[in-house]
Amino acid sequence: MGGEMKPVVIIGGGPAGIASAVHLARRGVETVLIERSARLSGRAASFLYAKMDEEIDYGQHVLMRCCTHSIDLLRLLGQGDSVSFQKSLRVPMRSETRTDEIASRPLPGALHLLPSLLTYRFLSFSERMNAVKAALSLLLRAPDDVSFDEWLRGQGQGKREIATLWEPISVATLNAHAGDASARAARVVFKRGFFKHHGADIGLFTRPLSHVFSSATSYLEGSGGTVLLEAPVSRIIVERGRAVGVETDNGDVIDAHAIISAVSSPNLVSILPPDVARDKYFSCLKGLNYAPIVNVHLWFDRSIMNEPFIIAVDSRIQAVFDVSATRRDTKRHHIVISQSAATDWIDAPINGIVDLSLAELGRLLPQARKAELIDSLVIKSRSATFVPSPGTDELRPEPTAPISDLFLAGDYTATGWPATIEGAVRSGINAVEALLSTTTR
């Protein structure tokens, strides 16, 4: 792919598009990466909150050590130190009356979690034994056509085991309640992450996300590529069954040797020619449902946490992160409550969300009862990620589209991973491999 050949055009500058562009650049392929925003980063973005003079993330993103492709990409971008990983898995679990943790122990394979499960204080002894049996079954098989909740009940799991163990992990990793996620999607998280020694070690970003991913601009331009910012794409140009270019909102046309779409499925459908969008390959994307995430940013006059994060049990909030501690910011005391699958929160009034959050923090964290709230900010994302509901695997497309020279990337594609940064990065690499395989036949 050299000489007078036109560039590969990549639409969308989030992790999927960045991964595609970087992977192509390493193969010596000329690329044009087009992003509608002022910086590369996509949904993994941040912005300056002037009132507190702090760059804050739109959403709270976490990596696990099994996210190997994301880790490799960050290293290539010179951002390997932007994520701080635990030395070994430790997930603090906290309710109003109890504290415990899901922690790794020096045992082989999935057995590394066995001591935690056998002593988990939120369950009785018999419930713990039931949970261990279900975990062993989850290692073997879980279908895509039943919900995780239904599968768990079939394994003898009661309300208590589901509510205090399986549900918190399902919501945090899949942005879906156990009753909405497929059993297979949950199995992916547990088998590749939690059931592997060090697979689920938690990594938290130590700097704002836009700073992390926008570093791809200098990498790509230094490799001979082009990055176009603030350039929304209005349509993909298709001629005689082949994708030949894109047109931006301001009327600029960019000819392409091939196109990789790395935008969300609804955005992709909106920029395709109508007759192309009606093809079954694209029309089935309308069957993907999306779930909201709400992030509640709170600034206090003092520190209220002793951990970088906690998972709440028997609470109306889910996960709490100490952003200031992770970023080693001694000037502020900034925490974030991340509420996934937040259907009940997305249309709730802001004041009500803040009041509920403060009340729950007071129940969970004794230090919060004495702290004074300085400021708050609620960020709602109505369609944050697709829901990996039963049967969804059949709707997730492979990267090669039925239109010649058009390839798809995005966490909704058939990566075998849930809607995460890792799923997005893998999708970008999959799209490139599919593209290169067609040019070498």
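Listed values, structure above:
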quantity	calculated
Dipole magnitude (debye, nearest 20) for segment 290-386, charges at Cβ of Lys, Arg, Asp, Glu	240 debye
Rounded Å value of the spacing that divides the Cα centres of segment 294-311 and segment 204-262	36 Å
Distant alpha-carbon pairs in segment 292-372 (separation over 20 angstrom), percent	27 percent
Relative contact order of the chain, defined on C-alpha pairs under 8 angstrom at six or more residues apart (%)	23 percent
Packing-based order for 385-391, 250-256, using average beta carbon neighbours within 10 Å, highest first	385-391, 250-256
Ordering of 409-416, 202-209 by packing [mean C-beta count within 10 Å, highest first]	409-416, 202-209
Mean separation of Cα contacts under 8 Å, 6 or more apart, over the residue count of segment 90-200: relative contact order %	27 percent
Simple Cβ-charge dipole of the chain, Lys/Arg +1 and Asp/Glu -1, about Cα centre, in debye nearest 20	1260 debye
Stokes-Einstein D in µm²/s, Kirkwood radius over Cα pairs - segment 268-408 at 20 °C with 1.002 mPa s viscosity	121 µm²/s
Net charge over other residues, Cβ less than 10 angstrom from the Cβ of Arg187 (K, R count +1; D, E count -1)	+3
Where trypsin sites (Lys or Arg not before Pro) fall in DSSP loop in segment 201-256, at most 14 other Cβ within 10 Å	Arg240
Selection from Ile317, Ala45, Pro399, by position along the positive dipole direction of the chain (Cβ)	Ile317
Nearest 10 degrees, 0 to 90: helix 421-439 Cα axis against the chain principal axis	30 degrees
Potential extension, Arg235-Ser84 segment - 0.36 nm per residue separation minus Cα distance	50.4 nm
Debye log10 I(q)/I(0) for segment 90-200, one point scatterer per Cα, at q = 0.16, 0.21, 0.24 Å⁻¹	-0.67, -1.23, -1.61
Footprinting exposure proxy for Asp57, Asp347 (fewest neighbouring C-beta atoms within 10 Å first)	Asp347, Asp57
Angle in degrees between helix 15-26 and the longest Cα principal axis of the chain, rounded to the nearest 10	50 degrees
Dimensions in Å of segment 1-128 - Rg and Dmax from alpha carbons	21.4, 70
Unit charges at the beta carbon, dipole of the chain: most positive-side option, Leu114, Ser95, Val269	Leu114
Helix 125-140 vs. the chain, principal-axis angle (Cα, 0 to 90°, nearest 10)	20 degrees
Rg and Dmax of the chain, Cα atoms only, in Å	22.3, 70
Binned Cα-Cα distances of segment 387-433, short to long, each 5 Å bin given as a whole percent	5, 26, 30, 22, 12, 4, 0
Among the listed pairs Lys87/Lys191; Lys133/Lys380; Lys331/Lys370, those beyond 27 Å (Cα-Cα)	Lys133/Lys380
Evaluated at q = 0.16, 0.19, 0.22, 0.29 Å⁻¹: base-10 log I(q)/I(0), Debye formula over Cα of segment 269-337	-0.63, -0.75, -0.93, -1.25
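Each value in this text was obtained by applying a stated rule to the coordinates, not by laboratory testing. Quick caveat: nothing in here was measured; it's all calculated off a predicted structure. As a convention, Cβ positions derive from the backbone with ideal geometry for all residues, glycine included, and neighbour counts pool all protein chains shown.
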